[in-house]
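The values are calculated or read from the model by the stated rules, or taken from the named source; none is laboratory data. Only a predicted model underlies this, so the values are computations on that prediction, with no experimental measurement involved. Glycine gets a Cβ as well: all are built from the backbone with ideal geometry, and neighbour counts include every protein chain shown. Side chains are part of the model used for accessible areas, which takes the heavy atoms of the whole protein and leaves out ligands, DNA and RNA. Shrake-Rupley method; radii C 1.70, N 1.55, O 1.52, S 1.80 Å.
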Amino acid sequence: AQPRLQGATATADARELRQKQAREGEQMRAMLARQYGDSVTPTIMPSNRAMLDSVSRAQGTAADPTFYRQVIAHHREAVRMVEQHGPHLTGDVKQMAERMRAEQQREIQEFERKAAAGRS
């Protein structure tokens, strides 16, 4: 989606999110391997594929607000998952999930403002 973005802010946000998500994915895989002996190969959920596709189809000035709306939807999905599964988590996994939930809730508010400012 990054090449479709028009504004410097959206491009920087996309780059930062991509880097952050890569780090979090590595941390999660290492944690699951260390604590549970689990070897997980991440896959893109169908709902996330649809989000990515909608940003990829966005043209011109519609790309930035579309990007932000889809990231907001993705973050809300993650927050729901933490709220649903959080009570069953323990230790490092629970701490990471709670940290990610708080960060994503903050980003939802930030990205809602940016999406509203860039509406096409």
Original post:
When you scan the stretch 82-105, how many residues do you find that are buried (at least 18 other Cβ atoms within 10 Å of the Cβ) and either of a type in the set (Ser, Thr, Tyr) or within 23 Å of residue 15 (Cβ to Cβ) (or both)?
Top reply: 3
**OP:** Name, by its number, the condition in (1) modelled with pLDDT of 95 or more; (2) over 26 Å from residue 65 (Cβ atoms) that does not hold for residue 79.
**Re:** (2)
Original post:
Is it true that residue 103 is in a helix (DSSP H, G or I) and under 20 Å from residue 52 (Cα atoms)?
Top reply: no
Original post:
Going by the structure shown, is residue 58 open to solvent by less than 30 Å² (accessible area, probe 1.4 Å), more than 20 Å from residue 109 (Cα to Cα) and out of contact with any Leu (no Cβ under 7 Å at 6 or more places or on another chain)?
Top reply: yes
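Hey, does the stretch 62-81 have a residue that's open to solvent by 60 Å² or more (accessible area, probe 1.4 Å), within 24 Å of residue 4 (Cβ to Cβ) and touching a residue at least 40 places away in the same chain (Cβ under 8 Å)? I'd like the intermediate steps shown before the answer.
Just the residues of the stretch 62-81 that are open to solvent by 60 Å² or more (accessible area, probe 1.4 Å), to begin with: 69, 76, 80-81.
When the remaining residues are screened for being within 24 Å of residue 4 (Cβ to Cβ), the result is 69, 76.
From the residues that got through so far, the ones that are touching a residue at least 40 places away in the same chain (Cβ under 8 Å) too are 69.
Checked against the condition, which is being open to solvent by 60 Å² or more (accessible area, probe 1.4 Å), within 24 Å of residue 4 (Cβ to Cβ) and touching a residue at least 40 places away in the same chain (Cβ under 8 Å), the stretch 62-81 yields at least one hit.
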Original post:
Which pairs have Cβ atoms under 8 Å, sit 6 or more apart or on different chains, and link a residue in the stretch 90-101 that is β-branched (Val, Ile, Thr) to one that is surrounded by fewer than 13 Cβ atoms within 10 Å (Cβ to Cβ)?
Top reply: 93/35
Subject >> Neighbours by Cβ (under 7 Å, 6+ apart or cross-chain): first from the stretch 32-49, farther than 22 Å from residue 75 by Cβ; second open to solvent by 70 Å² or more (accessible area, probe 1.4 Å) and assigned to a loop (DSSP other than H, G, I, E, B) >> reply: 33/39
Subject >> Where residue 110 falls short, out of the listed (1) under 16 Å from residue 14 (Cα atoms); (2) surrounded by 15 or more Cβ atoms within 10 Å (Cβ to Cβ); (3) at pLDDT 95 or above; (4) among the charged types (D, E, K, R) >> reply: (2)
